[in-house]
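Structure record follows, encoded as structure tokens.
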Number of protein chains: 2
Amino acid sequence: MTKINTSPLSGFMELTPTKQARFNYLKTLIATTYAEHGFLNIETPTIDRTEVLLAKAGGETKKQVFFLDRPDKDEALRYDLTVPLSRYVVEYRNDLAFPFKATQIGKVYRGERAQRGRFREFYQCDVDIIGRTTLDLAYDADVISTVTDVFTRLNISDFYVRISNRKILSGFLQALNLADKTSEISNIIDHAEKVPQEATKSSLKDLGITTQNIEKIIAFTEIRGDKDTISSKFTQLSIDNLDFTTGVNELKTVMSLLAQQGLREDQIIADMLIIRGLDYYTGTVFETLLTDYPEIGSVASGGRYENLASNFTNDSFPGVGMSIGLTRLFFALNEKNLLPATSEKPLDIAIIPLSEAEYEFSYQTAKSLRQTGKKVDIIFTDKKLGDKLGYAAKIAEQAIIIGENEVKTGIYELRPLS
Amino acid sequence: MTKINTSPLSGFMELTPTKQARFNYLKTLIATTYAEHGFLNIETPTIDRTEVLLAKAGGETKKQVFFLDRPDKDEALRYDLTVPLSRYVVEYRNDLAFPFKATQIGKVYRGERAQRGRFREFYQCDVDIIGRTTLDLAYDADVISTVTDVFTRLNISDFYVRISNRKILSGFLQALNLADKTSEISNIIDHAEKVPQEATKSSLKDLGITTQNIEKIIAFTEIRGDKDTISSKFTQLSIDNLDFTTGVNELKTVMSLLAQQGLREDQIIADMLIIRGLDYYTGTVFETLLTDYPEIGSVASGGRYENLASNFTNDSFPGVGMSIGLTRLFFALNEKNLLPATSEKPLDIAIIPLSEAEYEFSYQTAKSLRQTGKKVDIIFTDKKLGDKLGYAAKIAEQAIIIGENEVKTGIYELRPLS
């Protein structure tokens, strides 16, 4: 008889129960942090109309989408949680109170080339704050402090947020008369960290930019530091442009609001290399890194957008949002042993009745222990006591053996299982 | 500008935040009950190889499967959680302790015709107990008492479990020399409740069964009641067959174990009409109904199977399992107002700083309240105080207004929001 391959598909995470418990711990910690920061949980379907999912998507995204094969239907699996959110906000706009602080924790699908630490099915944990027509800048700091609280609760205090504001670069390029090349230059800056500076310069030169302006752009991308440091560097650039000034002021305000929340100067670093993609973001942009593990890359990123739902409505829904890639984060934290030690035993107590005569008392004991929130199993196998204890030691922290005497006296002993 | 339809696809549940909170309450209650009964949570991918998913599936199932449209791939969305579990158990059999008590809570997909209360994407909440080679009968009662505990915790005590054992019918038909028609007769009994008795008789007659045997089968299907009632009725049938006797004894043992757990006689009813599909189950079968809401139908069902994973391995993995269709259950309970009253307000406290000068104190206040587990939002809109209070009343139970005086004294007042 030919048997079928039982491994999960490549690029799909599947965990043994002990690791799954660790994963669930991380997922619950994130969900609890989001809820305590005032975000309301919603769930959107995993499947949606192709016209909804691809309304804004470019060619690269489209190539990665999992399309469904159903007659007369044009449906696909969601590749992020933001597109379904935009549909949701428009659909229920009359039932929602704005600003609407939403969180979604759910699976998304991308047909990327599978590689270590990259997944085709993965959880995203998103928060978004959506306004109607306007949304106060303080909400940008609200989103960032929510993600920093996640890492604080994980006892990972050595993280830092790299933050910028898209208006600064666009104002800067306007002042250099390079506004028509904003998209290409943004793209080059976005990749500047991954290539030698000469390559960046040569890419800028290929766009026909003068040597003098190239030097100015390079100087711009090197602006990095705390609020005071960058303030003086921005002044040195002597740029007279409204977007530039607005962007700088917004960046300083957000940094100041984060300082008021107790974040240290070395945890919030302005950095003009931060772009975060091309078209979507229009103000604050940020990414979050773990100081001791730069190789993990950004563990949470997001920013401010002008309008969440321009494909679906003429109403204006400005917003600011952030996403943690949970599956990848779990993979990295688990590999580096950065998750708090949780018990390797999934259950609290295993009850072992010595014979069927002790089942009823065992049921009662289990019931009262469960009422105190304990995870309790009763072992019904017909094996010898030694084998039952061996099994109990694999699944539980403690055991209770129930025999004639325990039933008679109503008294039992909790034994540790090593 | 043509705008895109923003409603979710037909057959896909999508809830406003208040209803979502109620849904999450039900989901968490089920997950907690399962965990406290000793089941270990696992997660399997939503997508799997078609050969895995369809290894056991018949024609009807295959018609409902959502296949993916990916070049050179033969993949589909899971239509239940049992098939992925069987692959999982075989794949990780050396890492698991048996009996393995597993729970999965996840979305499955079926392309059924959409109708009221039926969904194409829905949550199943499964528990399964898997043995190696053998599995004690007491685990059948373990699974059933887990589901009854869910309804007890929901304060729905008016439920009852209809229970049977597949060996009884097969032994009975062997004794009538009708073993070769077991599958067809099972199918007819499975549908007997939905049609007039004359139709059942006529279907049996179409199979060439004698009038005398038809009367015996009808008498058999009318056996229903508590342990003592059915005992005497089974004796009256005077059947001399090993499967029959084994099935009756197993049924009585499981009922007795459930009685020992405090379930009332009217909550556990043996009923020979219970078949639960055709091929899968081999022993105990059961379904769960809400006494006052028969129209909802079975809210949880399951049974004992001989071998979980015969498609994947020659090893023997006998098991017993059960599934709650969460999405449908939520739909029904919510419609009948059977879910415990939860607050309509998603958050505990809304903090309203009167100006930017009070942001820092507001941040501190929010932080200390969140440390006690409260869900807290700070309102940063530039609206008038009355508008802010109106917004706060929509999202939170209580408000704290922070002005100059609160910052100076460190004392603030919690105001109820009606």
P(r) weight above 31 Å for chain B, C-alpha pairs, percent: 52 percent
Per residue of B:72-79, other chain Cβ atoms within 10 Å number on average 2
With all protein chains present, the stretch A:162-318 has a carbon and sulfur share of its accessible area (1.4 Å probe) in percent of 47 percent
Compute the helix-to-body angle for B:197-206: its Cα long axis versus the longest principal axis of chain B, expressed 0 to 90° and rounded to tens. 50 degrees
What is the distance in Å between the Cα centres of the stretch A:45-105 and the stretch B:366-418? 34 Å
Between chains A and B, what is the buried accessible area summed over both chains (1.4 Å probe, protein heavy atoms, nearest 100 Å²)? 8300 Å²
Using +1 at the Cβ of each Lys and Arg and -1 at the Cβ of each Asp and Glu in the protein assembly as shown, identify which of A:229, B:171, B:52 lies farthest towards the dipole's positive end. B:52
Long-range amide H contacts for residue A:309: which residues qualify at under 5 Å (H placed 1.01 Å from N, peptide plane, sequence gap of 5 or more or a different chain)? A:317
Along each of the three principal axes of the Cα atoms of the stretch B:74-127, give the extent in whole Å, ordering the values from largest to smallest. 43, 27, 10
Suppose accessible area is computed on protein heavy atoms with a 1.4 Å probe; arrange B:394, B:194, A:201 from highest to lowest. B:194, B:394, A:201
Given N residues in the stretch B:193-287, what is Rg(Cα) / (2.2 N^0.38 Å)? 1.18
At a temperature of 25 °C and a viscosity of 0.890 mPa s, determine how fast the stretch A:285-416 diffuses translationally according to Stokes-Einstein, using the Kirkwood radius over alpha-carbon pairs as Rh; express D in µm²/s, rounded to the nearest whole number. 127 µm²/s
Packing rank of A:374-386, A:117-129, A:245-257, where each peptide gets the mean count of other beta carbons within 10 Å, highest leading: A:117-129, A:245-257, A:374-386
Under a GNM of chain B (C-alpha, springs under 10 Å), which listed residue has the highest mean-square fluctuation: B:322, B:272, B:13? B:13
Mind checking the stretch A:264-295 for chymotrypsin sites (Phe, Trp or Tyr not before Pro) that DSSP puts in a loop (not H, G, I, E or B) and that have at most 12 other Cβ atoms within 10 Å? none
Mind checking the mean number of beta-carbon atoms from other chains within 10 Å of the Cβ atoms in A:27-37? 3
For the stretch A:318-386, report the translational diffusion coefficient in µm²/s to the nearest whole number, using Stokes-Einstein at 20 °C, 1.002 mPa s, and a Kirkwood Rh over Cα pairs. 134 µm²/s
Nearest 10 degrees, 0 to 90: helix B:166-175 Cα axis against chain B principal axis: 10 degrees
Apply the Karplus parameterisation 6.51 cos²θ - 1.76 cosθ + 1.60, with θ equal to phi minus 60°, to every residue of the stretch A:233-238 and state each ³J(HN,Hα) to the nearest whole Hz, in sequence, with x for glycine and proline. 5, 5, 4, 4, 5, 6
Distances from residue B:238 to the same position in the other copies: list them in nm, one decimal, shortest first, using label points 7 Å from Cα along Cα→Cβ. 11.6
Kirkwood hydrodynamic radius, the stretch B:3-62, all distinct C-alpha pairs: what's the number in Å? 15.7 Å
What whole-number distance in Å separates the alpha-carbon centres of the stretch B:117-138 and the stretch A:262-294? 45 Å
Can you give me the accessible area per residue for the protein assembly as shown, using a 1.4 Å probe, in Å²? 43 Å²
Angle in degrees between helix B:385-395 and the longest Cα principal axis of chain B, rounded to the nearest 10: 10 degrees
In chain B, what residue has the beta-carbon at the shortest distance from the axis of the rotation relating B to A, and what is that distance in angstrom, rounded to the whole number? B:69, 2
Report Rg/Rh for the stretch B:109-247, rounded to two decimals, where Rg is the Cα radius of gyration and Rh the Kirkwood radius. 1.02
Residues whose built amide H sits under 5 Å from the amide H of residue A:101, excluding neighbours closer than 5 in sequence, are A:40, A:130
Take the Cα gyration tensor of the stretch A:39-164, multiply each eigenvalue by 5, square-root it, and list the three semi-axes largest first, rounded to whole angstrom. 28, 22, 12
Phi angles of the stretch B:100-105, converted by Karplus (6.51 cos²θ - 1.76 cosθ + 1.60, θ = phi - 60°) into ³J(HN,Hα) in whole Hz with x for Gly and Pro, give 9, 9, 10, 10, 10, 10
Note, residue A:79: beta-carbon cut-off 12 Å, +1 each Lys/Arg, -1 each Asp/Glu, net +2
Once the dipole of chain A is set up with Lys and Arg at +1 and Asp and Glu at -1 on Cβ about the Cα centre, which of A:83, A:357, A:122 lies farthest towards its positive end? A:357
Magnitude of the charge dipole, the protein assembly as shown, Cβ model with Lys/Arg +1 and Asp/Glu -1, debye to 20: 480 debye
If you put a point 7 Å past Cα along the Cβ direction, how far is that point for residue B:371 from the same point in each other copy, in nm, smallest first? 3.5
If you count, for every residue in B:365-373, the Cβ atoms of partner chains within 10 Å of its Cβ, what is the mean? 3
Which is farthest toward the positive dipole end of the protein assembly as shown among B:254, A:183, A:369, measuring Cα position about the Cα centre, with Cβ charges +1 (Lys, Arg) and -1 (Asp, Glu)? A:183
Could you list which residues have their amide H under 5 Å from that of residue A:399, counting only those 5 or more apart in sequence or on another chain, with H placed in the peptide plane? A:350, A:415, A:417
Given the C-alpha centroids of the stretch A:302-337 and the stretch A:195-247, what is the distance between them in whole angstrom? 27 Å
Backbone HN-Hα couplings from phi across the stretch B:37-44 [Karplus 6.51/-1.76/1.60, Hz, Gly and Pro as x]: 8, x, 8, 9, 6, 9, 10, 10
Report the calculated FRET efficiency for residue B:385 and residue A:29 (r = Cβ-Cβ distance, R0 = 22 Å), to the nearest 0.05. 0.05
Evaluate the charge dipole of the stretch A:141-267 about its Cα centre and quote only its size in Debye, nearest 20, assuming +1 on the Cβ of each Lys and Arg and -1 on the Cβ of each Asp and Glu. 20 debye
Mind putting a number on the dipole of the stretch A:211-306 about its Cα centre? Charges go on the C-beta only, +1 for Lys and Arg and -1 for Asp and Glu, and I need it in Debye to the nearest 20. 160 debye
If you line up the Cα atoms of the protein assembly as shown on their principal axes, what length do they span on each, largest first, in Å? 102, 61, 51
Note down the net charge around residue B:118, summing +1 for each Lys or Arg and -1 for each Asp or Glu among other residues with Cβ under 10 Å from its Cβ. +4
Between residue A:409 and residue B:245, what's the calculated FRET efficiency when r is the beta-carbon distance and R0 is 41 Å? Round to 0.05. 0.60
Nearest 0.05, what FRET efficiency do residue B:228 and residue A:56 give at R0 = 45 Å with Cβ-Cβ as r? 0.10
Treating the point 7 Å from Cα along Cα-beta-carbon as the label, what are the nm separations from residue A:297 to the other copies, to one decimal? 4.6
Residue-count net charge about residue A:313 - beta-carbon cut-off 12 Å; Lys, Arg +1, Asp, Glu -1: +2
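The values are calculated or read from the model by the stated rules, or taken from the named source; none is laboratory data. All values reported here derive from a predicted model rather than from experimental measurement. Cβ sites come from the backbone with ideal geometry, for glycine too, and all protein chains shown count toward neighbours. Accessible surface areas use protein heavy atoms only, side chains included; no ligands, DNA or RNA. Shrake-Rupley method; radii C 1.70, N 1.55, O 1.52, S 1.80 Å.
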